[in-house]
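Below: one structure, written as structure tokens.
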Amino acid sequence: MRKLFRAILLKPALWITNKYSSKPIPTKISRALSRLRRDIEKRPGKKGLILPFDLANSKFIIFSDQHKGAKNGADDFMVCEPNYLGALGYYDEQNFFLISLGDSEELWENRWPVVKKNNEATFEKEKRFVKKNAFAKVFGNHDLSWSINPLTAIEMGKIYGRKINVYEGVVLQIPGKENHFTIFLTHGHQGDARSDGSWFSKFFVANVWAPLQAYLTINPNTPAYSTTKKTLHNRIMYEWSAKQKNLMLITGHTHQPVFESLTELERLYRKLIQAREQNNNELIDEVELRIRKVEPQFTAVSKDYLKMKSTYFNTGCCCFVDGDITGIEIAGGCIRLIKWQKINEKPARIVLEERSLVELINELSSLHTS
């Protein structure tokens with residue numbers, strides 16, 4: 001029966017997919033991000049939270065794009081679950097605040113009861129943060145239904161033991177003498193032609209279109225599935241953040257880690273330049289080897305990557321095919337890009353990049369002083 005429906009509906013479905021696909025349009029994305037930030041700051045608690053942030057003592061771990069599924073062949077999270085559970089155990093013990101930055105549940109391909117049934121262990125781990133009032137949940141495009149389902153708070157209560165809201169964004173606000181410095185967090189699908197429109201369009205995508213795409217096995221064609229779209233989408237996010245005063249932007253959505261506005265390949269190119277300037281042949285060989293391994297994953301490098309402002313960060317995802325997960329960690333006065341991977345069959349935390357927040361804030365604040 002599915003083959004028959006696919007034969008009948010594939011051509012019109014593909015036409016609709018192409019027409020209304022996730023086209024990263026700079027003006028739409030910029031407007032959507034600005035509007036969301038303004039709404040959260042003017043009316044905290046409706047579209048998002050404002051959390052006070054202390055440079056010395058606050059601790060946040062930000063994960064996105066788990067895509068918890070049905071524990072079947074299409075479940076991208078299944079292989080990553082051990083590292084995710086290990087990471088949550090560590091951050092629970094260290095008293096971090098957990099921010100789940102969207103696409104935590106894969107509700108395009110699965111019904112919610114199926115996801116809930118097959119991911120009890122991860123919900124129990126997340127529940128520990130809820131009990132400590134150290135949990136914020138943001139929706140993305142693949143769990144968009146949380147934003148429109150009138151029973152969302154009740155469903156959250158069933159798995160977390162407490163009714164919680166699912167927001168579109170979070171603002172970490174660092175008080176200053178003259179101006180607040182803001183770390184703005186959202187999933188990153190803002191401006192998406194299909195999942196960031198009116199209530200009806202969101203309802204249609206979440207409850208009709210996404211299930212139909214999954215049934216017909218049509219690639220949803222979002223940045224996470226397209227290397228070219230990843231590069232373009234990250235670039236647009238960077239350009240918006242670079243225009244803001246006293247702000248850093250953290251998103252997910254593309255599944256591509258970004259630290260200080262640079263992808264892994266761009267950071268390696270920069271490191272290679274520095275190694276050559278230092279005549280460090282050992283480091284040159286090491287970086288060149290890494291570049292050869294990484295280059296096939298990228299289709300482009302920003303032409304001005306050596307001059308980009310350090311305003312944009314991306315968590316990466318918790319559904320890499322090798323079982324690794326990445327996230328953004330803010331603690332001890334630093335911001336870090338971290339990876340969790342199995343070493344000797346046990347989840348291990350690896351710091352990929354690190355920067356002092358005081359240095360970064362001073363650097364970004366100086367850009368807007370006269």
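The values are calculated or read from the model by the stated rules, or taken from the named source; none is laboratory data. Being a predicted model, the structure only gives us computed values, none of them experimental. With ideal geometry, Cβ positions are generated from the backbone for all residues, glycine too; neighbour counts draw on all protein chains shown.
Results, tabulated for the structure shown:
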item: Qualifying residue in the range 234-241 (condition: of a type in the set (Asp, Glu), at pLDDT 90 or above and assigned to a helix (DSSP H, G or I)); result: yes
item: Sole residue being among the hydrophobic types (A, V, I, L, M, F, W, C) and in contact with a His (Cβ under 9 Å, 6 or more places away or on another chain), chosen from 159, 154, 174; result: 174
item: Whichever residue in the range 57-71 is aliphatic (A, V, I, L, M) and surrounded by 24 or more Cβ atoms within 10 Å (Cβ to Cβ) and, among such residues, is farthest from residue 103 (Cα to Cα); result: 61
item: Selected residue [closer than 25 Å to residue 241 by Cβ and touching a Gly at 6+ places or on another chain (Cβ under 9 Å)] from 325, 273; result: 325
item: Among (1) part of a loop (DSSP other than H, G, I, E, B); (2) closer than 28 Å to residue 237 by Cα; (3) at pLDDT 95 or above, the one test that residue 87 misses; result: (1)
item: Residue pairs meeting the criteria (Cβ under 9 Å; at least 6 apart or on separate chains; first of a type in the set (A, V, I, L, M), in the range 305-318; second assigned to a strand (DSSP E or B)); result: 308/262
item: Selection count where residues are assigned to a loop (DSSP other than H, G, I, E, B) and without any contact (Cβ under 8 Å) to a residue 24 or more places away in the chain, scope the range 55-84; result: 3
item: Single unsatisfied condition, residue 336 versus (1) closer than 30 Å to residue 97 by Cα; (2) surrounded by fewer than 18 Cβ atoms within 10 Å (Cβ to Cβ); (3) of a type outside the set (Gly, Ala, Ser); result: (2)
item: Residues of the range 35-54 satisfying the condition of being in a strand (DSSP E or B), under 13 Å from residue 184 (Cβ atoms) and out of contact with any Gly (no Cβ under 7 Å at 6 or more places or on another chain); result: 49, 50, 51
item: The listed residue being free of Cβ contacts under 8 Å to residues at least 40 places away in the same chain, within 30 Å of residue 357 (Cα to Cα) and crowded, with 19+ Cβ neighbours inside 10 Å, out of 98, 88; result: 98
item: Subset tally (residues that are on the phi > 0 side of the Ramachandran plot and either among the charged types (D, E, K, R) or without any contact (Cβ under 8 Å) to a residue 40 or more places away in the chain (or both)) for the range 333-370; result: 2
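Residue-by-condition table, conditions (1) assigned to a helix (DSSP H, G or I); (2) in contact (Cβ under 8 Å) with a residue 40 or more places away in the chain; (3) acidic (Asp, Glu); (4) farther than 26 Å from residue 335 by Cβ:
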{"position": "114", "(1), (2), (3), (4)": "yes, yes, no, yes"}
{"position": "121", "(1), (2), (3), (4)": "yes, yes, no, yes"}
{"position": "130", "(1), (2), (3), (4)": "yes, no, no, no"}
{"position": "133", "(1), (2), (3), (4)": "no, no, no, no"}
{"position": "141", "(1), (2), (3), (4)": "no, yes, no, no"}
{"position": "145", "(1), (2), (3), (4)": "yes, yes, no, yes"}
{"position": "156", "(1), (2), (3), (4)": "yes, no, no, yes"}
{"position": "162", "(1), (2), (3), (4)": "no, no, no, yes"}
{"position": "182", "(1), (2), (3), (4)": "no, yes, no, no"}
